[in-house]
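The values are calculated or read from the model by the stated rules, or taken from the named source; none is laboratory data. What you see is a predicted model; the values in this text were computed from it and never measured. Cβ sites come from the backbone with ideal geometry, for glycine too, and all protein chains shown count toward neighbours.
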Amino acid sequence: MKIYMVGVVGAGQMGNGIAQVLAAKGYRVMLVDLNREALDRGLQVISQSCDRLIKKEKMSSAEKSDLIGKITQSTKMADLAPCDLVVEAVTENVEVKLQIFRELDRLVKPEAILVSNTSSISITQIAAATARPEKVAGMHFMNPVPLMKLVEGIRGLQTSDETFKVLSDLTQKLDKVFVEARDMPGFVVNRILMPMINEAVYALYEGIADASGIDEAMKLGTNQPMGPLTLADFIGLDTCLAIMKVLYEGLGDSKYRPCPLLVKYVEAGWLGRKSGRGFYEYDRA
């Protein structure tokens, strides 16, 4: 199966990053979000990302113009109808994702592949919400998408070999590395990463050290590029909590119980960089 046009649902930090890397490799992209402001912000982020690449002499102004020209924006899901592949990149909420996949299944041409960028939710469950489960799979891109090389490929019970091969080939064309992960809560990366972040929150909750001390210790003691609490703020504390809930409920093991402090921060609206405050405070200007 040939991929010419790719739809991306969701213009947030993951969606606009996925749109950027697809357009950079020559694919026509239909970027859909029900919120027009989110679409405008998404295109602005893509433009700024290209400007940084131009400054580093990794892209020319002409290449930026060509890339931006390959991305069409829309607030209408129906505009995804002609796409050969659609990538869903919305919030980590299973009911929201199931609703989107039911709608995509109804609107997008029958031969198209439907993919979720979920970082933790069952692909088998998502596929079962459609009439084309053999054409549904997971492609979990890492954030920030233009810089991170990994794509976790997740095959649901129903996913066909042909579908999975198309996605593996596409990942290679995007100059990324495709690692197959079993359809279990958290897959590979978040099954390991999120409990570490959650444990760092417990260390803060129990007063073992302050936030900067925890991050500095992990950076210097384990050679991580950023501390776990800084990383949590970057990911979004609401996303971290949602993934921990999937792990806790899906695996039934108390070691995955979300830290009460993480729950409280999310309840307070302290979501990290995107809200201006998480474990640290940020300038939202």
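Has segment 81-97 got any residue that is within 19 Å of the chain's Cα centre (by Cα) and over 27 Å from P185 (Cβ atoms)?
Start the filter on segment 81-97 by keeping residues that are within 19 Å of the chain's Cα centre (by Cα), which leaves 85-97.
Now drop any that are not over 27 Å from P185 (Cβ atoms), which leaves none.
No, because not a single residue in segment 81-97 is within 19 Å of the chain's Cα centre (by Cα) and over 27 Å from P185 (Cβ atoms).
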query = Does A127 fit the bill of being more than 16 Å from the chain's Cα centre (by Cα), surrounded by 18 or more Cβ atoms within 10 Å (Cβ to Cβ) and not assigned by TED's automatic domain parsing to the domain that holds N117?
reply = no
ask   = M5 passes all but one of (1) of a type outside the set (V, I, T); (2) in contact with a Pro (Cβ under 9 Å, 6 or more places away or on another chain); (3) at pLDDT below 95; which number fails?
value = (3)
task = Tell me which residues, restricted to segment 264-273, are under 12 Å from A232 (Cβ atoms) and out of contact with any Phe, Trp or Tyr (no Cβ under 7 Å at 6 or more places or on another chain).
result = Y265, V266, W270, L271
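Output the residues belonging to segment 48-69 that are charged (D, E, K, R), surrounded by fewer than 18 Cβ atoms within 10 Å (Cβ to Cβ) and either outside the structural domain of V32 (by TED's automatic domain parsing) or closer than 16 Å to V29 by Cβ (or both). First the steps, then the outcome.
Restricting attention to segment 48-69, the residues satisfying the condition of being charged (D, E, K, R) are 51-52, 55-58, 63-64, 66.
Adding the requirement that they be surrounded by fewer than 18 Cβ atoms within 10 Å (Cβ to Cβ) leaves 51-52, 55-58, 63, 66.
Passing the criteria: E63, D66.
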Among the candidates S160, S120, residue that is modelled with pLDDT under 95 and in the same structural domain as R102 (by TED's automatic domain parsing) = S120
remark   = V45 meets each of (1) at pLDDT 95 or above; (2) more than 15 Å from A24 (Cβ to Cβ); (3) crowded, with 16+ Cβ neighbours inside 10 Å with one exception, condition (2)
Residue that is surrounded by the fewest Cβ atoms within 10 Å (Cβ to Cβ), among those in segment 78-91 that are within 16 Å of A19 (Cβ to Cβ) and among the β-branched types (V, I, T) = V90
ask   = When you go through (1) polar (S, T, N, Q); (2) under 18 Å from V32 (Cβ atoms); (3) crowded, with 24+ Cβ neighbours inside 10 Å one by one for T75, which number turns out not to apply?
value = (3)
query = Given the residues I235, I197, which is the only one that is under 22 Å from S120 (Cβ atoms), aliphatic (A, V, I, L, M), over 17 Å from the mean Cα position of the chain (by Cα) and buried (at least 21 other Cβ atoms within 10 Å of the Cβ)?
reply = I197
query = Checking G250 against (1) assigned to a helix (DSSP H, G or I); (2) buried (at least 21 other Cβ atoms within 10 Å of the Cβ), which single condition isn't satisfied?
reply = (2)
query = How many residues does segment 60-96 hold that are assigned to a loop (DSSP other than H, G, I, E, B), over 13 Å from S47 (Cα atoms), modelled with pLDDT of 95 or more and not hydrophobic (A, V, I, L, M, F, W, C)?
reply = 4
task = Kindly provide the set of residues from segment 175-199 that are closer than 16 Å to L251 by Cα and assigned to a loop (DSSP other than H, G, I, E, B), ordered by number.
result = R182, D183, M184, P185, G186, F187, V188
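Please state which one of Q172, Q224 is under 29 Å from Q20 (Cα atoms) and part of a loop (DSSP other than H, G, I, E, B).
Details: Q172 fails: part of a loop (DSSP other than H, G, I, E, B).
Answer to the selection: Q224.
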key: Positions within segment 15-33 being within 18 Å of the chain's Cα centre (by Cα) and closer than 17 Å to L80 by Cβ, in sequence order   = G15, N16, I18, A19, L22, A23, V29, M30, L31, V32, D33
